[in-house]
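Input: one structure, supplied below.
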Amino acid sequence: MNDRAWIEEFIEKNQDQFVKANDDIWSYAELAFKEEKSAARLESMLKDWGFEVETGVAGIPTCFTGTYRQGSGKPVMGILGEYDALAGLSQEAGVTEKREREPGGAGHGCGHCALGTGSLAAAVAVKEYLRETGKNGTVIYFGCPAEEGAGSKQFMARAGAFDGVDFVYTWHPATVNQVEAVHSNAIMGANFRFKGVSSHAGSTPFLGRSALDACELMGVGCNYLREHVIPEARIHYAYIDTGGTAPNVVQDHACVRYEVRAPYVYQVKELFERVKEVARGAAIMTGTTMECELAMAFTEYLPNNALASVADACMREIGAPKWSEEDYRLAKAYLDTYNEETKARIRRSAEELYGERAEEVLARPLDSEVHPFDPAKIRLQAGSTDVGDVGYAVPTLNLQVATACVGNVGHTWQMTAQSCSPLAHKGLLTAAKAIALSCVRTMEQPEVMEKAKAEVARRNGGKYECPLPDSVQPPLDTY
Ligand SMILES: [Zn+2]
């Protein structure tokens with residue numbers, strides 16, 4: 001039996017337990033750094049399959065690794081899993097209307113339940129394949145919390161979790177099947193905390209120094225800054241603390257969170273310094289003090305082209321998930337829940353991807369093919385991910401597998417609902433097959449691994465440098 005047939009059969013034989021794990025983690029719907037039940041569920045499965053589990057990686061309680069080593073232990077293959085949910089996206093499974101499971105609760109609106117279990121299924125398949133064939137190698141499942149929060153992979157990379165790993169594969173639930181051809185932005189985020197002096201705003205305002213004014217002036221300064229930064233840059237903010245609700249008290253404390261993005265980490269660092277200067281200026285203008293708590297930063301993600309050539313072939317060999325007529329009907333019902341404006345946008349991107357077949361695809365809106373990877377078509381996407389830091393440390397590649405209807409919008413109730421339905425189940429099993437096959441094919445090709453490493457060395461100059469200094473600890477409760 002060839003490697004593909006073996007992996008497909010293994011995943012299919014064991015599919016019930018992987019699907020069940022997805023549905024359990026979906027129902028836990030735990031937020032960033034609080035994924036205790038989800039992590040425990042995945043850890044116990046790994047132990048049952050004979051992996052050695054290490055918890056509390058990089059000082060994060062819900063961060064873990066599961067390792068299986070055979071023979072010489074070389075090469076070392078990594079597979080990333082995520083399992084955190086999003087606030088406010090609680091939703092009943094599989095229904096095609098907005099219906100909260102738990103009022104105001106969290107939900108898996110990015111499909112990380114499927115991401116975590118699909119990747120785990122891949123790791124188990126690779127381990128069993130090694131055992132079956134007696135080949136040398138190590139497979140490590142990296143349990144990565146808080147992707148939707150401050151991230152964890154940059155802290156893991158800084159702590160050396162990926163040292164000695166030859167290559168890493170991961171995937172993300174999507175609406176298409178392909179090697180992701182995206183360059184995502186680097187990002188830095190910090191809380192700017194201003195301290196002033198409180199006073200009666202009516203009788204003695206001259207004795208007060210307003211921290212809230214400082215936040216507002218920082219906003220004004222950043223808005224003027226926008227004209228003088230590269231066009232791809234993004235500067236966004238949210239008030240964390242407005243200093244209270246009483247207008248007649250001068251606010252002696254206030255805090256605003258800023259996140260800045262740009263295509264490359266060096267650009268983000270430069271831009272962040274300029275935003276910090278604006279904050280200093282705001283403090284000077286208002287007679288307050290300012291403290292900048294740098295809390296998160298991700299390096300840009302770029303696909304590793306050497307790994308992409310292997311995974312692209314594997315994905316095409318495995319093919320798209322095998323959708324049933326019932327799946328197509330369900331997907332159409334989800335697509336129909338979007339308003340006209342969103343539908344028009346979905347139609348335009350479907351035309352881009354499917355050309356004249358767009359109408360036909362939108363009538364049965366599940367991606368039923370694998371789109372070939374073309375390095376010339378890598379496009380910049382404004383979002384950011386901590387997978388970027390893994391790719392900046394070791395060769396890394398992200399696949400996309402459909403778990404939702406064509407055009408589905410991420411971080412929505414629709415995504416939560418579909419993430420516990422046959423669409424996500426079939427998607428995660430397909431992703432598991434594609435990742436497992438990519439691992440076993442890559443490990444047989446030392447020249448691909450060399451090329452993949454050379455690509456990383458060209459980008460990072462031979463050594464991973466974390467965008468966060470050692471003094472910045474994982475912000476388990478503050479971000
Ligand atoms: Zn996500």
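The values are calculated or read from the model by the stated rules, or taken from the named source; none is laboratory data. In this text the structure is predicted, and so the values were computed from the model without any measurement. Every residue, glycine among them, receives a Cβ derived from its backbone with ideal geometry; neighbour counts consider all protein chains shown. Areas reflect the complete protein model, heavy atoms only, side chains present, ligands, DNA and RNA absent. Shrake-Rupley method; radii C 1.70, N 1.55, O 1.52, S 1.80 Å.
Just checking, does the range 194-203 include any residue being crowded, with 22+ Cβ neighbours inside 10 Å and either small (Gly, Ala, Ser) or touching a residue at least 60 places away in the same chain (Cβ under 8 Å) (or both)? Even if it seems obvious, please write down each step before you answer.
Applying the first criterion (crowded, with 22+ Cβ neighbours inside 10 Å) to the range 194-203 yields 194, 196.
After this cut, where a residue has to be either small (Gly, Ala, Ser) or touching a residue at least 60 places away in the same chain (Cβ under 8 Å) (or both) as well, the list is 194, 196.
Yes: the range 194-203 contains one or more residues that are crowded, with 22+ Cβ neighbours inside 10 Å and either small (Gly, Ala, Ser) or touching a residue at least 60 places away in the same chain (Cβ under 8 Å) (or both).
Working carefully through the options 177, 185, find the one that is touching a His at 6+ places or on another chain (Cβ under 8 Å) and either under 18 Å from residue 399 (Cα atoms) or at pLDDT below 95 (or both). Reasoning before the result, please.
On the way: 185 fails: touching a His at 6+ places or on another chain (Cβ under 8 Å).
Going through 177, 185 in turn, just one is touching a His at 6+ places or on another chain (Cβ under 8 Å) and either under 18 Å from residue 399 (Cα atoms) or at pLDDT below 95 (or both): 177.
Do we find a residue being within 16 Å of the ligand (Cβ to nearest atom), open to solvent by 10 Å² or more (accessible area, probe 1.4 Å), assigned to a helix (DSSP H, G or I) and not aliphatic (A, V, I, L, M) anywhere in the range 389-399?
Taking every residue of the range 389-399 in turn, none turns out to be within 16 Å of the ligand (Cβ to nearest atom), open to solvent by 10 Å² or more (accessible area, probe 1.4 Å), assigned to a helix (DSSP H, G or I) and not aliphatic (A, V, I, L, M).
Any residue in the range 370-379 that is assigned to a helix (DSSP H, G or I), more than 30 Å from residue 267 (Cβ to Cβ), out of contact with any Ser or Thr (no Cβ under 6 Å at 6 or more places or on another chain) and in contact (Cβ under 8 Å) with a residue 60 or more places away in the chain?
Our first condition is that a residue be assigned to a helix (DSSP H, G or I); within the range 370-379, this holds for 375-377.
Pick out the ones that are also more than 30 Å from residue 267 (Cβ to Cβ) and you get none.
No, every residue in the range 370-379 fails to be assigned to a helix (DSSP H, G or I), more than 30 Å from residue 267 (Cβ to Cβ), out of contact with any Ser or Thr (no Cβ under 6 Å at 6 or more places or on another chain) and in contact (Cβ under 8 Å) with a residue 60 or more places away in the chain.
While we're looking at this one, here's another question. Among the residues of the range 90-104, is there at least one that is touching a His at 6+ places or on another chain (Cβ under 8 Å) and at pLDDT 95 or above?
Here is the first cut: in the range 90-104, the ones touching a His at 6+ places or on another chain (Cβ under 8 Å) are none.
Among the residues of the range 90-104, not one is touching a His at 6+ places or on another chain (Cβ under 8 Å) and at pLDDT 95 or above, which makes the answer no.
If residue 185 satisfies all but one of (1) touching a Lys or Arg at 6+ places or on another chain (Cβ under 6 Å); (2) within 30 Å of residue 232 (Cα to Cα); (3) away from the ligand (no atom under 16 Å from the Cβ); (4) not β-branched (Val, Ile, Thr), what's the number of the condition it fails?
The single condition residue 185 does not satisfy is (3).
Specify which of the listed residues (286, 299) is among the hydroxyl-bearing types (Ser, Thr, Tyr) and open to solvent by 10 Å² or more (accessible area, probe 1.4 Å).
Details: 299 fails: open to solvent by 10 Å² or more (accessible area, probe 1.4 Å).
The unique qualifying residue is 286.
Which one is nearest to the ligand (Cβ to nearest atom), of the residues in the range 150-161 that are open to solvent by 20 Å² or more (accessible area, probe 1.4 Å) and among the hydrophobic types (A, V, I, L, M, F, W, C)?
By that ranking, first place goes to 161.
Looking at the range 351-391 only, could you name the residues that are closer than 30 Å to residue 146 by Cα, β-branched (Val, Ile, Thr) and in contact with a helix residue (DSSP H, G or I) (Cβ under 8 Å, 6 or more places away or on another chain)?
Going through the range 351-391, the residues closer than 30 Å to residue 146 by Cα turn out to be 366-367, 370-371, 373, 375, 377-391.
Restricting the remaining residues to those that are β-branched (Val, Ile, Thr) gives 370, 378, 385, 387, 390.
Answer for the range 351-391, where residues must be closer than 30 Å to residue 146 by Cα, β-branched (Val, Ile, Thr) and in contact with a helix residue (DSSP H, G or I) (Cβ under 8 Å, 6 or more places away or on another chain): 370, 387, 390.
Residue by residue, here is whether (1) within 16 Å of the ligand (Cβ to nearest atom); (2) surrounded by 24 or more Cβ atoms within 10 Å (Cβ to Cβ) holds:
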{"residue": "104", "(1), (2)": "no, no"}
{"residue": "114", "(1), (2)": "yes, yes"}
{"residue": "119", "(1), (2)": "yes, yes"}
{"residue": "123", "(1), (2)": "no, yes"}
{"residue": "126", "(1), (2)": "no, yes"}
{"residue": "141", "(1), (2)": "no, yes"}
{"residue": "144", "(1), (2)": "yes, yes"}
{"residue": "148", "(1), (2)": "yes, no"}
{"residue": "163", "(1), (2)": "no, no"}
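Another question, then. For the range 295-311, which positions are within 11 Å of residue 183 (Cα to Cα) and either in contact with a helix residue (DSSP H, G or I) (Cβ under 7 Å, 6 or more places away or on another chain) or assigned to a helix (DSSP H, G or I) (or both)? I'd like the intermediate steps shown before the answer.
Residues of the range 295-311 within 11 Å of residue 183 (Cα to Cα): 299-304.
Within the range 295-311, 299, 300, 301, 302, 304 qualify.
Report every pair of residues separated by at least 6 positions or lying on different chains whose Cβ atoms are under 7 Å apart, first residue within the range 46-66 and under 14 Å from residue 159 (Cα atoms), second open to solvent by less than 10 Å² (accessible area, probe 1.4 Å) and part of a helix (DSSP H, G or I).
Within 7 Å, the pairs are 57/156; 58/155; 58/156; 60/155; 63/156; 64/39.
Go over the candidates 181, 174 one by one and state the one that is in contact with a helix residue (DSSP H, G or I) (Cβ under 7 Å, 6 or more places away or on another chain), within 19 Å of residue 408 (Cα to Cα) and surrounded by fewer than 24 Cβ atoms within 10 Å (Cβ to Cβ). Step through it out loud before you land on a result.
Values: 174 fails: in contact with a helix residue (DSSP H, G or I) (Cβ under 7 Å, 6 or more places away or on another chain).
The unique qualifying residue is 181.
Separate question: Would you confirm whether any residue within the range 348-363 is among the basic types (Lys, Arg) and either touching a residue at least 24 places away in the same chain (Cβ under 8 Å) or outside any helix (DSSP H, G or I) (or both)?
Here is the first cut: in the range 348-363, the ones among the basic types (Lys, Arg) are 348, 357.
Add one more test, that the residue is either touching a residue at least 24 places away in the same chain (Cβ under 8 Å) or outside any helix (DSSP H, G or I) (or both), and what stays is none.
The answer is no, given that none of the residues of the range 348-363 is among the basic types (Lys, Arg) and either touching a residue at least 24 places away in the same chain (Cβ under 8 Å) or outside any helix (DSSP H, G or I) (or both).
Something else about it: Name the residue, out of 47, 20, 13, 34, that is of a type in the set (Lys, Arg) and either buried (at least 16 other Cβ atoms within 10 Å of the Cβ) or in contact with a Ser or Thr (Cβ under 7 Å, 6 or more places away or on another chain) (or both). It would help to see each step written out before you state the result.
Numbers: 47 fails: either buried (at least 16 other Cβ atoms within 10 Å of the Cβ) or in contact with a Ser or Thr (Cβ under 7 Å, 6 or more places away or on another chain) (or both); 20 fails: either buried (at least 16 other Cβ atoms within 10 Å of the Cβ) or in contact with a Ser or Thr (Cβ under 7 Å, 6 or more places away or on another chain) (or both); 13 fails: either buried (at least 16 other Cβ atoms within 10 Å of the Cβ) or in contact with a Ser or Thr (Cβ under 7 Å, 6 or more places away or on another chain) (or both).
So the residue among 47, 20, 13, 34 that is of a type in the set (Lys, Arg) and either buried (at least 16 other Cβ atoms within 10 Å of the Cβ) or in contact with a Ser or Thr (Cβ under 7 Å, 6 or more places away or on another chain) (or both) is 34.
With 237, 264, 258 as the choices, which residue is open to solvent by 50 Å² or more (accessible area, probe 1.4 Å) and in contact with a Phe, Trp or Tyr (Cβ under 6 Å, 6 or more places away or on another chain)? Lay out the reasoning, then the answer.
Details: 264 fails: in contact with a Phe, Trp or Tyr (Cβ under 6 Å, 6 or more places away or on another chain); 258 fails: open to solvent by 50 Å² or more (accessible area, probe 1.4 Å).
None of the others qualify; the one that does is 237.
Still on this structure, please answer the following. Could you identify the single residue in 175, 138, 204 that is over 19 Å from the mean Cα position of the chain (by Cα) and in the same structural domain as residue 367 (by TED's automatic domain parsing)?
Details: 175 fails: over 19 Å from the mean Cα position of the chain (by Cα); 204 fails: in the same structural domain as residue 367 (by TED's automatic domain parsing).
The match here is 138.
Quick one: would you say residue 108 is within 16 Å of the ligand (Cβ to nearest atom) and touching a helix residue (DSSP H, G or I) at 6+ places or on another chain (Cβ under 7 Å)?
Numbers: within 16 Å of the ligand (Cβ to nearest atom): yes; touching a helix residue (DSSP H, G or I) at 6+ places or on another chain (Cβ under 7 Å): yes.
Here the answer is yes, as residue 108 does meet what is asked.
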